[in-house]
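Undergrad: The structure under discussion is supplied below as structure tokens; questions concerning it will follow.
The values are calculated or read from the model by the stated rules, or taken from the named source; none is laboratory data. Note that the structure is a prediction, hence the values are computed from the model and not measured. Backbone-built Cβ (ideal geometry, glycine too); neighbour counts: all protein chains shown. These accessible areas exclude ligands, DNA and RNA; they are computed on the full protein's heavy atoms, side chains included. Shrake-Rupley method; radii C 1.70, N 1.55, O 1.52, S 1.80 Å.
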Amino acid sequence: MTRTGTATYDVSDSTGGSTDEDDLDLKLQGGDADRIPAAGDFVLASGGSYTHQTQLTNDGSIGGESISLGVSTVTTGEGTTEPDESNTSPADGGELDDELQFRASLERDGTLLGYFFGSSTSLASYSTVATQPDQTIQLSPPLGSAPVDFVFELEYPTGSTAAYGDRLAFDLDLTLNSRVSPAGWSDVDTTRVSLQAGAGQTSDPTITTLTQQEYNSIRMQQSFIAQGRIGGHGSGVKEHRLGPTINNPKNRANKDWQNNETRPFTLTYDPRSQIVTYSNQGTNDLTYSPLDTGPYTDLLIYARAQSAATTRLSNMRLNGDSVGQDIQVTNGGSAIRVSNVSLEEGFTLEGDAIIQWSRKKPSQNKQYYRLRVGRVTSRSRSTGSNSTENSPQSLVFGTRNGPYIVR
């Protein structure tokens, strides 16, 4: 799939003192935030390294006399998509935090001004850096409209496969201060970095069709679920639910479900508001704020039907691009697993749902579809001819386009 879009992040300005009517206005590449890469994740393979340079300027009316840097983790997670990973246990979390090496510095006109973390001869462990207080570099002359360059470097050790498939997103909080003491004005702008460790990155999400048995074998740390089903027996009611579980939904909506009627549905997650929205044509939108913010590495699309009846999900699109598979089931269940994604950074799933019956109208949980989002903690792979799981591409270091982040 090819995805397009942008991601924006809020910027906070703070005042730690007073400097008459003057102010500071730190800019990153001319804006109030920077994102690395501009869209998508990049992959850092074993032995790989990455260096990024961001131009810092000051549009304020006074000079900035020092710049501070703090590093904070946004999301970190255990991978489930890299077959060569040597540590896939979810018990100890993702290993990329511990494996990653980090260094950050300031330069002016190609001349080194100092290191925030690391040194001229070595990089520092990311896990150590993320727990340290902000580090400060003094500026002489102060930062005005003439730029300085913020440089950070990442390395993933040669020979290590412990973090393959693991994903890490972190913020670099850059603070421009008006004076050497902490009492001056400060302007804080954020650079967000998103990366994945591994032997490479597929250009598309991995799509796998699952039999009922394979679906039952999956263990998932579920963050939220949406459902459309036939409601009360013989009542002509359909029931929609959204929340952490089916039995304990946050919201629900009811409406007549007509035999063999096509009804479009949409499931959307906005990471800025951290709100999930589920809609089905003819019902009020349902919303829910998940208790956790990810990582959401898997989407399970499941449909079930009774004897002499059919449930079909078709024309499904993830972020505007075709999933490439439909689900049509009679007298049983079938599913599609979408993996190798980072849905916590925002997504929209669209499709059409049809419930058809030829005898007595189904009731309650005899006919429905469910959309489950979270993290699969045990793998299930199709072995039949219906498997459409994509093979990883060659060893690469690259990016993927997407609204927010889709990996």
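Undergrad: Of the conditions (1) closer than 18 Å to A353 by Cβ; (2) open to solvent by 40 Å² or more (accessible area, probe 1.4 Å); (3) of a type outside the set (K, R), T287 clears all except one; give me its number.
TA: T287 satisfies every listed condition except (1).
Undergrad: Follow-up. Any idea which of R375, R370 is closer than 24 Å to D256 by Cβ and either touching a His at 6+ places or on another chain (Cβ under 8 Å) or outside any loop (DSSP other than H, G, I, E, B) (or both)? First the steps, then the outcome.
TA: Numbers: R375 fails: closer than 24 Å to D256 by Cβ.
Sole residue among the options that is closer than 24 Å to D256 by Cβ and either touching a His at 6+ places or on another chain (Cβ under 8 Å) or outside any loop (DSSP other than H, G, I, E, B) (or both): R370.
Undergrad: Also, I was wondering about something else. Between residues in the range 208-229 that are within 22 Å of Y288 (Cβ to Cβ) and residues that are among the aromatic types (F, W, Y) and not in a strand (DSSP E or B), which pairs lie under 9 Å by C-beta distance while being six or more apart or on different chains?
TA: Matching pairs, first to second residue: S223/Y296; F224/Y296; G228/W257; R229/W257.
Undergrad: Continuing with this model, one more query. Take S61 and tell me if it is outside the structural domain of F347 (by the TED database) and open to solvent by 40 Å² or more (accessible area, probe 1.4 Å).
TA: On the way: outside the structural domain of F347 (by the TED database): yes; open to solvent by 40 Å² or more (accessible area, probe 1.4 Å): yes.
So S61 passes the test.
Undergrad: Could we say that P295 is in contact with a helix residue (DSSP H, G or I) (Cβ under 8 Å, 6 or more places away or on another chain) and open to solvent by less than 30 Å² (accessible area, probe 1.4 Å) here? Spell out how you get there, then give the answer.
TA: Details: in contact with a helix residue (DSSP H, G or I) (Cβ under 8 Å, 6 or more places away or on another chain): yes; open to solvent by less than 30 Å² (accessible area, probe 1.4 Å): yes.
Yes.
Undergrad: Of all the strands (runs of 3 or more DSSP E) wholly in the range 1-81, which have at least 1 residues that are closer than 20 Å to D189 by Cα, within 29 Å of the chain's Cα centre (by Cα) and modelled with pLDDT under 80?
TA: Output list reads 13-15.
Undergrad: Open to solvent by 30 Å² or more (accessible area, probe 1.4 Å), among the small types (G, A, S) and at pLDDT below 95: which single residue out of G144, G159 fits that description? Break it down stepwise before answering.
TA: Values: G144 fails: open to solvent by 30 Å² or more (accessible area, probe 1.4 Å).
Residue meeting the stated conditions: G159.
Undergrad: From the residues in the range 300-329 that are hydroxyl-bearing (S, T, Y) and under 13 Å from T262 (Cβ atoms), which one is surrounded by the fewest Cβ atoms within 10 Å (Cβ to Cβ)?
TA: First pass over the range 300-329, keeping only residues hydroxyl-bearing (S, T, Y): 302, 307, 310-311, 314, 322.
Filter once more, keeping what is under 13 Å from T262 (Cβ atoms): 310-311, 314.
On the way: T310: 18, T311: 28, S314: 14.
Looking at the filtered set, the residue picked out is S314.
Undergrad: Here is a further query. Residue check, L291 against (1) touching a residue at least 12 places away in the same chain (Cβ under 8 Å); (2) touching a strand residue (DSSP E or B) at 6+ places or on another chain (Cβ under 7 Å), all met but one. Which one?
TA: All conditions are met except number (2).
Undergrad: Looking at the range 129-175, which of its residues are of a type in the set (D, E) and either outside the structural domain of L56 (by the TED database) or farther than 30 Å from S339 by Cβ (or both)?
TA: Of the residues in the range 129-175, the ones of a type in the set (D, E) are 134, 149, 153, 155, 166, 171, 173.
Across the range 129-175, the qualifying residues are D134, D149, E153, D173.
Undergrad: Ok, one more. Residues Y126, Y115: which one is open to solvent by 40 Å² or more (accessible area, probe 1.4 Å), at pLDDT 90 or above and among the aromatic types (F, W, Y)? Let's see the steps before the verdict.
TA: Details: Y126 fails: open to solvent by 40 Å² or more (accessible area, probe 1.4 Å).
Testing whether each residue is open to solvent by 40 Å² or more (accessible area, probe 1.4 Å), at pLDDT 90 or above and among the aromatic types (F, W, Y) leaves just Y115.
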